[in-house]
1. For region 29-71, give me each residue that is under 25 Å from Ala144 (Cα atoms), assigned to a helix (DSSP H, G or I) and touching a Phe, Trp or Tyr at 6+ places or on another chain (Cβ under 9 Å).
2. With the requirement that a residue be of a type in the set (A, V, I, L, M) and out of contact with any Pro (no Cβ under 9 Å at 6 or more places or on another chain), what does region 95-116 give you?
3. Would you say Ala93 is within 18 Å of Gly197 (Cβ to Cβ), touching a Leu at 6+ places or on another chain (Cβ under 8 Å), of a type in the set (A, V, I, L, M, F, W, C) and away from ligand 2 (no atom under 16 Å from the Cβ)?
4. Give me the pairs, please: first residue somewhere in region 324-345 and closer than 21 Å to Pro199 by Cβ and touching a residue at least 40 places away in the same chain (Cβ under 8 Å), second residue anywhere and outside any loop (DSSP other than H, G, I, E, B) and small (Gly, Ala, Ser), beta-carbon distance under 8 Å, and either six or more positions apart or on two chains.
5. How many residues does region 199-226 contain that are under 12 Å from Ile352 (Cα atoms), of a type in the set (A, V, I, L, M, F, W, C) and within 14 Å of ligand 2 (Cβ to nearest atom)?
6. For residues in region 127-184 being of a type in the set (S, T, N, Q) and part of a helix (DSSP H, G or I), which is nearest to ligand 1 (Cβ to nearest atom)?
7. Please indicate, with yes or no, whether at least one residue in region 130-149 is buried (at least 22 other Cβ atoms within 10 Å of the Cβ), within 20 Å of Asp37 (Cα to Cα) and of a type outside the set (Val, Ile, Thr).
8. Please go through region 193-211 and give me each residue that is touching a strand residue (DSSP E or B) at 6+ places or on another chain (Cβ under 7 Å) and more than 10 Å from ligand 1 (Cβ to nearest atom), ordered by number.
Amino acid sequence: MEYKTQVKKTKYHNKFQSGLIRELALDSELRAKLKSDPAVIEAAEILKNGEVAALPTETVYGLAADAMNPEAVKKIFKAKGRPQDNPLIVHIADQSQLGELTAGKVSLKAKKLMGKFWPGPLTIIFPKNRKVPDETSAGLQTIAVRMPAHPLMLAVIERSGLALAAPSANTSGFPSPTRAAHVYNDLKGKIPLILDGGPSQFGVESTVIDLSGEEIRVLRPGGVSREDISSFLGEDVSLAAELKDDKALSPGMKYRHYAPQKKLHIFNFEDRISVLRQALKRAETKKIAVITARKSKINIKDLAEDNIKILRVFDHEAPEELAQKLFDLLRKLDADQSIKEIYIEELETAGIGEAVMNRVYKAAAAGEYSQPGGGDN
Ligand code: TXA
Ligand code: MG
């Protein structure tokens with residue numbers, strides 16, 4: 001089915017540009033107003049009718065459907081071209097919604113973490129309630145849940161009364177969308193509605209954690225850092241090794257990810273001159289793009305005497321800023337015909353740097369992860 005994809009904003013759109021998305025998410029007055037905004041009402045109606053809609057979250061845009069409706073959830077997989085064995089995260093607006101999704105008692109540790117990090121970019125894996133369709137959990141006995149920190153997404157959840165299954169709203173294998181325009185670019189004609197909630201504040205997806213073992217394991221690093229979880233609970237938090245064939249871990253990890261069409265190379269800052277010289281040679285008449293997170297600029301003078309082909313040197317002072325811009329940059333550089341290849345500096349993996357480098361390594365190694373039919377995290 002071909003849709004005429006609408007992109008809609010609410011009356012409160014300007015507020016979402018402020019960078020204070022969590023504060024806005026906790027503003028109950030704003031949420032009440034949003035719930036009667038025509039764009040929110042329309043999204044809620046679409047979702048209640050078993051259709052999909054793209055919605056903003058604080059991490060990346062999500063492609064949402066009623067988590068309890070298997071036919072609706074199938075439409076997510078279809079629109080994205082997502083492999084069936086990759087389970088979805090379910091989004092809620094209130095902890096009271098956990099009951100219909102999870103089985104057994106919610107552990108004390110989970111309660112503590114929800115109290116501290118929700119709403120926000122932390123996804124917790126719970127034992128699954130039998131009522132949740134297999135399509136949503138991709139047949140697993142567990143279900144991933146989070147409470148997002150974008151007031152627009154929360155308002156749609158409340159207005160619809162649904163729990164919303166939502167993976168990132170990109171075509172499988174492409175970089176996750178951090179703007180409504182990215183979603184439009186990937187999914188136009190395939191979905192009825194995109195709500196524009198401004199650029200995503202975090203720019204990398206949520207941290208996915210598993211609490212079932214003795215030690216907390218991060219299955220996917222994301223917006224909440226391992227250090228933050230560890231220091232809050234006063235215990236070690238490990239990073240799960242990414243085993244390509246370990247189905248029980250985080251099934252999405254084995255697929256092609258976040259990848260631009262162009263080749264992405266990672267370079268060590270110390271080697272920048274020799275690496276970039278070689279790159280310029282290979283690019284011949286085309287340009288190379290360099291993404292660096294250092295304050296200290298790469299000295300262009302050291303690189304090419306009269307024929308400088310570096311398009312731009314992006315200079316970021318903080319990994320948070322690089323996280324926020326990364327996917328947008330990759331998409332822009334992909335679309336720029338004058339650029340041959342993309343070079344990105346290797347970053348410290350502390351804090352959100354762990355999530356950023358996780359995405360960068362996967363995008364750079366896309367060939368190795370690639371599977372027939374594509375896929376994504
Ligand atoms: O920030 C985010 O998490 C965004 C926004 C839209 O909320 N969503 C997102 O969803 O990134 P997606 O589907 O692109 O990535 C979900 C990841 C995948 O790696 C998937 O395999 C893993 O979470 N996952 C989902 N359910 C799981 C489960 N029950 N056990 C282990 N991993 C799970
Ligand atoms: Mg994804």
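1. Result: no residue meets the conditions.
2. Listed by number, the residues that qualify are Leu98, Leu101, Val106, Leu108, Ala110, Leu113, Met114.
3. yes
4. Leu330/Ala363; Leu333/Ala289; Asp336/Ala289; Ile342/Ala289; Ile344/Ala364
5. 2
6. Result: Ser137.
7. yes
8. Correct list: Leu193, Ile194, Leu195, Asp196, Leu211.
Each value in this text was obtained by applying a stated rule to the coordinates, not by laboratory testing. Predicted, not measured: the structure shown is a model, and the values here were computed from it. Don't worry about glycine lacking a Cβ; one is built from the backbone with ideal geometry, like all the others, and counts go over all protein chains shown.
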